[in-house]
Amino acid sequence: MEDLNKPITFGRVVALEDGNSWRTDQAIVWADGNCSIRYPVKTAQFRLVIPDSSEHQKLNTPHCAPAKQFVLHLAGHIKIITSDGYSFLSDPGEIGTAEDIHGEGHTSVPMGTGPRLSVFLPFEDGVEL
């Protein structure tokens with residue numbers, strides 16, 4: 001777990017106007033004591049990716065996010081590569097966003113041999129972080 005004496009951040013994969021995706025970090029905004037502000041989301045969807053499945057192969061090529069959304073990584077390990085070439089690891093317990101809904105997108109490269117489980121929480125329309 002992160003050192004709670006310093007800001008807690010989540011990684012954002014966003015698209016620039018030129019179509020490139022890149023990563024930036026954003027601090028969680030705390031509203032009252034130990035609770036953050038409410039981030040308005042529409043639904044929750046779980047994704048289980050089995051190694052060597054068609055879904056696994058599809059995600060291993062550049063793709064855009066289907067919606068601006070939180071991604072909660074629950075199991076498995078993955079390397080995300082943005083279209084500008086920056087790569088980072090996402091391990092169980094990581095929180096991030098996928099906001100590159102247009103442009104060149106990002107690639108999700110599996111690390112390890114086990115399945116990967118994530119939860120997607122699409123933002124309400126018009127939400128800007």
Query raised in the report: Carbon and sulfur together cover what percent of the accessible area of the chain at a 1.4 Å probe radius?
Result: 54
Requested in this report: From the C-alpha gyration tensor of the chain, pull out the three semi-axes of the equivalent ellipsoid (sqrt of 5λ each), sorted largest to smallest, in whole Å.
Outcome: 23, 18, 15
Requested in this report: Determine the distance separating the Cα centre of segment 82-105 from the Cα centre of segment 26-68; give it in Å without decimals.
Outcome: 10
Query raised in the report: What is segment 28-82 by shape, rounded, prolate or oblate, if you read a ≥ b ≥ c off the alpha carbon gyration tensor as root eigenvalues and call it rounded for a/c under 1.5, prolate for a/b larger than b/c, and oblate otherwise?
Result: prolate
Query raised in the report: What FRET efficiency do you get for ASN60 and ARG38 if R0 is 41 Å and r is their Cβ-Cβ distance, rounded to the nearest 0.05?
Result: 0.75
**Report entry** Solvent exposure of the chain as accessible area per residue, Å², 1.4 Å probe
**Finding:** 61
Report task. Give the longest segment of the chain that steers clear of GluC sites (Glu not before Pro) in DSSP loops with at most 11 neighbouring Cβ atoms within 10 Å, not counting the sites themselves. Result -> 18-123
**Report entry** Inter-probe distance in nm under a simple model that places probes 7 Å from Cα toward Cβ, at ALA31 and PHE88
**Finding:** 2.5
Requested in this report: Output the relative contact order of the chain, whole-number percent, from Cα pairs under 8 angstrom with separation of 6+ residues.
Outcome: 34
Report summary line: Looks like segment 74-129, by Cα gyration tensor root eigenvalues a ≥ b ≥ c and the a/c under 1.5 rounded cutoff (else prolate when a/b is bigger than b/c, oblate otherwise), is oblate
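The values are calculated or read from the model by the stated rules, or taken from the named source; none is laboratory data. Computed from a predicted model, the values in this text were never measured in an experiment. FYI the Cβ positions are ideal-geometry reconstructions off the backbone, even for glycines, and counts take in every protein chain you see. Quick note on the areas: whole protein, heavy atoms, side chains included, nothing else; ligands and nucleic acids left out. Shrake-Rupley method; radii C 1.70, N 1.55, O 1.52, S 1.80 Å.
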